[in-house]
1. Select from the stretch 38-64 the residues that are assigned to a loop (DSSP other than H, G, I, E, B) and either within 27 Å of Gln112 (Cα to Cα) or of a type in the set (D, E, K, R) (or both) and list them in ascending order.
2. What are the residue pairs meeting all of these: first residue in the stretch 56-69, first residue farther than 13 Å from Asp30 by Cα, second residue in a loop (DSSP other than H, G, I, E, B) and among the hydrophobic types (A, V, I, L, M, F, W, C), Cβ atoms under 8 Å, and 6 or more apart or on different chains?
3. May I ask you to list the residues in the stretch 76-101 that are in contact with a Ser or Thr (Cβ under 7 Å, 6 or more places away or on another chain) and not hydroxyl-bearing (Ser, Thr, Tyr)?
4. Any chance the stretch 97-108 includes a residue that's modelled with pLDDT under 95 and not polar (S, T, N, Q)?
5. Here is a list: Asp71, Asp124. Which entry is of a type in the set (Asp, Glu), assigned to a strand (DSSP E or B) and over 17 Å from Met1 (Cα atoms)?
6. Determine the pairs where a residue that is touching a residue at least 12 places away in the same chain (Cβ under 8 Å), located within the stretch 29-42, has a partner that is surrounded by fewer than 22 Cβ atoms within 10 Å (Cβ to Cβ) and polar (S, T, N, Q) with Cβ atoms under 6 Å apart, the partner being 6 or more residues away or on another chain.
7. I need the full set of residues from the stretch 38-50 which are surrounded by fewer than 18 Cβ atoms within 10 Å (Cβ to Cβ) and either within 13 Å of Gly73 (Cβ to Cβ) or in contact with a helix residue (DSSP H, G or I) (Cβ under 9 Å, 6 or more places away or on another chain) (or both), in order please.
8. Among the residues of the stretch 86-105, are any within 25 Å of Lys2 (Cβ to Cβ), in a loop (DSSP other than H, G, I, E, B) and touching a residue at least 60 places away in the same chain (Cβ under 8 Å)?
Amino acid sequence: MKITGGCFCSAIRYEAEVDENMVVICHCTDCQINSGTAYGVVVRVIDGKFNLVKGKISFFQKIADSGAKRDLGFCSNCGTRIFAKPDGDKNGVFGLRVGTVDQRANLIPKKQAFTKSALSWVFDISSIPKN
C-alpha cells in the first residue's frame, strides 16, 4: 500500500510503501515511554520504500532490551517520532508510526507484540464511558 505522512508541524513529509498486513500494536516499555501512552502502533515499511519528501530527520539511537541498536527518527522541530529502523543500513524491521500516516484509518492492527509489558487495563477499555 502506498502512503504519505508527516510530523505534527508539517516540517517533515514522506512517501512510503507499507505492508498493511504488518500493522502491530507494540506494548514494549520503550513504546510506552516514547509514545507517551500505553503502547505504540507501527506499520512495516517494505524494504527501501521510504522516501523523505520534505524536511530533515533527526536521530536518537536506542539500545533495545534485546541488545539491538535502533535508530529512532523524529522531527527536531515538534518532536514527532516518525519511525524506528535498524542501526545504519542493517536488515531488520523499519516501522513507521501509524499516527504519522495520512491514511492511518486504513491501517488496522493485525497483531500485538510484547504483551507481557502491557499495562493491565489496555485489553478491556469497553466499559470506560465514551463522549
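1. Our first condition is that a residue be assigned to a loop (DSSP other than H, G, I, E, B); within the stretch 38-64, this holds for 38-39, 55-56, 64.
Within the stretch 38-64, Ala38, Tyr39, Lys56, Ala64 meet the criteria.
2. Note: pairs meeting the criteria are Lys56/Ile12; Ile57/Ile12.
3. The initial filter retains those residues of the stretch 76-101 that are in contact with a Ser or Thr (Cβ under 7 Å, 6 or more places away or on another chain), namely 76, 80, 82, 100.
Within the stretch 76-101, just Ile82 meets the criteria.
4. Among the residues of the stretch 97-108, not one is modelled with pLDDT under 95 and not polar (S, T, N, Q), which makes the answer no.
5. Numbers: Asp124 fails: assigned to a strand (DSSP E or B).
When all the criteria are applied, what remains is Asp71.
6. Thr29/Ser117
7. Taking the stretch 38-50 first, the residues surrounded by fewer than 18 Cβ atoms within 10 Å (Cβ to Cβ) are 38, 44, 46-49.
Within the stretch 38-50, just Ala38 meets the criteria.
8. Checked the stretch 86-105: at least one residue is within 25 Å of Lys2 (Cβ to Cβ), in a loop (DSSP other than H, G, I, E, B) and touching a residue at least 60 places away in the same chain (Cβ under 8 Å).
The values are calculated or read from the model by the stated rules, or taken from the named source; none is laboratory data. This structure is a prediction, so every number in the text was calculated from the model and none was measured. FYI the Cβ positions are ideal-geometry reconstructions off the backbone, even for glycines, and counts take in every protein chain you see.
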